[in-house]
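Enquirer: Sharing a structure below in structure tokens format, with a few things to ask.
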Amino acid sequence: VGNYKRTVKRIDDGHRLCNDLMNCIHERARIEKGYAQQLTEWAKRWKQLVEKGPQYGTVERAWCAFMSEAEKVSELHLEVKGSLMNEDFEKIKNWQKEAFHKQMMGGFKETKEAEDGFRKAQKPWAKKLKEVEAAKKAYHAACKEEKLAISRETNSKADPALNPEQLKKLQDKVERSKQDVLKTKEKYEKSLKELDNATPQYMENMEQVFEQCQQFEEKRLRFFREVLLEVQKHLDLSNVASYKNIYRELEQNIKTADAVEDLRWFRANQGPGMSMNWPQFEEWSADLNRTLSRREKKKASDGVTLTGINQTGEQVSQPNKHSSSVSVQSNTVQSVQSSYNPFEDEEDTGSTVSEKEDNKIKNVSSYEKNQSYPTDWSDEESNNPFSSTDANGDTNPFDEDTPPAMEVRVRALYDYEGQEQDELSFKAGDELTKMENEDEQGWCKGRLDNGQVGLYPANYVEPIQ
């Protein structure tokens, strides 16, 4: 009696299992989304690094094919996430809502119906079982009383102190107890027989309610199997034609990498095969003394910029604030890019990695493909780029090119108004502190007395003696 509660509890468990399955699918969808975002960020960051790096030609395209593969796979995993949430998750949610109906007083309608069905089927049999238990208890008590009466009668026969009247009472007690035993036994057997006769009907009624519960559970189990198969299809990218095409295309892009073609291109564009820009006679111009702004230098994409030409003599004209550039046109000389400026804003790559890790990744290559190289040369052995020190690999390509300069106090020769946010503005005669030596483009880094730090043209100041 009451063991049907395990079957009734299974209905509540089925509702909870629907929630568990939805949570399981929701977590997997979050993983798919996170993986897709990480692939996209990785592809974007490394595509920029490879495009700016020293790799060139067909091998560069083959390398970039991995980033294209990541972007396409990211899209597929976003589709998986959408299928899991929009189809599978919603399907379970709707089925649960249709299968389980909540009551005003708590619990589910299906649970109450099963509970009432089992209780109704068990009630008649449970009543008869109670009668059997009572008859059994009465019969056992009569047997115990009979045994006790016989034991007293036996002991009294051996006791000479008892008179015949007392002995007679003990014998009557034994007779009455025997009759009670027979009477309770008959009642016990009768109630047990009635219980046995009611058992088949009881089993039939209970099994009928149980089958209803079984059918309800069967619907849930079959539904779960159906949903799990759909989840499997959504997760299995091996059967998606576009997924296979991604790696077929990746393999083809890698196989198109041709070392001979890349070497021929480099020879024609960066080696002996490139067009030469031999020095030619140039007339002197006063404009050559004007300082080139960093903005104008960036715009000069098709020429070699001439900077740092200083006049000799005592009289030096004050350059114009709006400086210009003079360049020798050439179709073969690549544009000169300014070196990395710590005051310029970093490019927003959309990456979620920390700034420290991002800077570490940016320095994976010792130079970029458009990096400018110094044109100074000398016959002295110390300036030979092919000296034994470099040839033996004793230098570290990741070391700083020049050691940090000592801070020096300088005085402004002319007025200068900064044209960009990271440039200083000062008047002729103002004093400031030079923090770094002049770079290749003729700029120094300095600090005003008010604490402002920025860049300024190197030929606008002179050291304070």
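Enquirer: If I ask for residues that are farther than 30 Å from residue 25 by Cα, surrounded by fewer than 18 Cβ atoms within 10 Å (Cβ to Cβ) and of a type in the set (A, V, I, L, M, F, W, C), which ones from the stretch 105-128 would you list?
Expert: 105, 126
Enquirer: Considering only residues of the stretch 203-215 that are among the hydrophobic types (A, V, I, L, M, F, W, C) and in contact with a Lys or Arg (Cβ under 9 Å, 6 or more places away or on another chain), which is surrounded by the most Cβ atoms within 10 Å (Cβ to Cβ)?
Expert: Ranking the candidates gives 209 first.
Enquirer: Check residue 187 against each of (1) surrounded by 15 or more Cβ atoms within 10 Å (Cβ to Cβ); (2) under 60 Å from the mean Cα position of the chain (by Cα) and name the one condition it does not meet.
Expert: Every listed condition holds for residue 187 apart from (2).
Enquirer: Look through 81, 47 and report the one residue that is under 31 Å from the mean Cα position of the chain (by Cα) and closer than 23 Å to residue 236 by Cα.
Expert: Result of the check over 81, 47: 81.
Enquirer: Which ones in the stretch 80-102 are more than 13 Å from residue 227 (Cβ to Cβ), of a type in the set (Lys, Arg), open to solvent by 70 Å² or more (accessible area, probe 1.4 Å) and in a helix (DSSP H, G or I)?
Expert: Once the filter is applied, which keeps residues that are more than 13 Å from residue 227 (Cβ to Cβ), of a type in the set (Lys, Arg), open to solvent by 70 Å² or more (accessible area, probe 1.4 Å) and in a helix (DSSP H, G or I), the stretch 80-102 yields only 97.
Enquirer: Name the one entry in 82, 57 that is touching a Phe, Trp or Tyr at 6+ places or on another chain (Cβ under 6 Å) and of a type outside the set (A, V, I, L, M).
Expert: Exactly one of 82, 57 is touching a Phe, Trp or Tyr at 6+ places or on another chain (Cβ under 6 Å) and of a type outside the set (A, V, I, L, M), namely 57.
Enquirer: Right, here's the next one. Residue check: is residue 35 in contact (Cβ under 8 Å) with a residue 12 or more places away in the chain, hydroxyl-bearing (Ser, Thr, Tyr) and surrounded by fewer than 16 Cβ atoms within 10 Å (Cβ to Cβ)?
Expert: no
Enquirer: Next question, about the same structure. Identify, please: which residue in the stretch 252-266 is part of a helix (DSSP H, G or I) and of a type in the set (Asp, Glu) and is, among those, least open to solvent (accessible area, probe 1.4 Å)?
Expert: Going through the qualifying residues, I end up with 262.
Enquirer: Which of the residues spanning the stretch 413-437 are open to solvent by 50 Å² or more (accessible area, probe 1.4 Å), touching a residue at least 40 places away in the same chain (Cβ under 8 Å) and of a type in the set (Asp, Glu)?
Expert: Once the filter is applied, which keeps residues that are open to solvent by 50 Å² or more (accessible area, probe 1.4 Å), touching a residue at least 40 places away in the same chain (Cβ under 8 Å) and of a type in the set (Asp, Glu), the stretch 413-437 yields only 417.
Enquirer: Ok, one more. Within the bounds of the stretch 198-218, is there any residue that is out of contact with any Ser or Thr (no Cβ under 6 Å at 6 or more places or on another chain) and over 23 Å from residue 113 (Cα atoms)?
Expert: yes
The values are calculated or read from the model by the stated rules, or taken from the named source; none is laboratory data. Keep in mind that what you see is a predicted model, and the values were worked out from it rather than measured. No Cβ is skipped: glycine too gets one built from the backbone with ideal geometry, and neighbour counts run over all protein chains shown. Please note that ligands, DNA and RNA were not included when accessible areas were found on the heavy atoms of the full protein model with its side chains. Shrake-Rupley method; radii C 1.70, N 1.55, O 1.52, S 1.80 Å.
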